[in-house]
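Peer 1: Here you go, one structure.
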Amino acid sequence: MKRAVIATGATVIGVAWLLTYKATPPHIGALASVPPTPSAGNPAPSPSASPSATPSPSATPPPSPTPSTSPTVNGTFTGADAANFFGDVIVRVVISNGHITDVQAVKLPTDRAYSAYVSQVAGPLLRTEALQAQSANINVISGATYTSQSYAQSLESALQQAHMG
């Protein structure tokens, strides 16, 4: 009887520990799309480090054209077909004033019943991830790893067409 109580207590503790375990999903996509924004800020401190005030005004105009071309990006861009074990993924992105305003999954894996279920669940989550990240650097959806990776690849392709990736 004593052993049963100890075994039951150990089982309850083990199950409670498993239920409280949290895993952080890995990031996928182009990590290079995030650093260019801080790099654009690096030239500004360099002229201010110069002793003369004349180079500062001459350094200011070059960064201005770069941001002005970004906001003028508008349109709908369809990414390349990104194949995986479960099927193909194609993503279409809508860009207004240089910002991702909508992401649509043109094609997600639906060949098998489980693939269709995973696509139905992961599709809206991946869309939300892309809209929040404003890039192809999105989190992998647990249970939809291959679909998530293909989604990010197709999204990156669409963003490259828009000269944003």
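Please treat every number below as a calculation from the coordinates, not as lab data. Keep in mind that what you see is a predicted model, and the values were worked out from it rather than measured. Because the Cβ atoms are built from the backbone with ideal geometry, glycine has one as well, and the counts that use them run over all protein chains shown.
Peer 1: I want to check the label-to-label distance for THR11 and TYR117. Put each point 7 Å from Cα in the C-beta direction and report it in nm to one decimal.
Peer 2: The two pseudo-label positions are separated by 2.7 nm.
Peer 1: Next question, about the same structure. Arrange the following residues from fewest to most other Cβ atoms within 10 Å of their Cβ: VAL89, VAL140, VAL121, VAL5. Mind showing how you got there, number by number?
Peer 2: Values: VAL89 29, VAL140 21, VAL121 14, VAL5 9.
So the ranking, lowest neighbour count to highest, is VAL5, VAL121, VAL140, VAL89.
Peer 1: Given the Cα-Cα distance of LYS107 and ARG3 and 0.36 nm per residue of separation, how much length would full extension add, in nm?
Peer 2: Value of the extension gain: 31.9 nm.
Peer 1: Convex hull over the Cα atoms of the stretch 74-165, averaged projected area in nm²?
Peer 2: 4.8 nm²
Peer 1: Another question about this same structure. For LEU131 and HIS99 in one chain, what is 0.36 nm times their gap in residues minus the Cα-Cα distance, to one decimal in nm?
Peer 2: Taking 0.36 nm per residue and subtracting the Cα distance, the gain is 10.6 nm.
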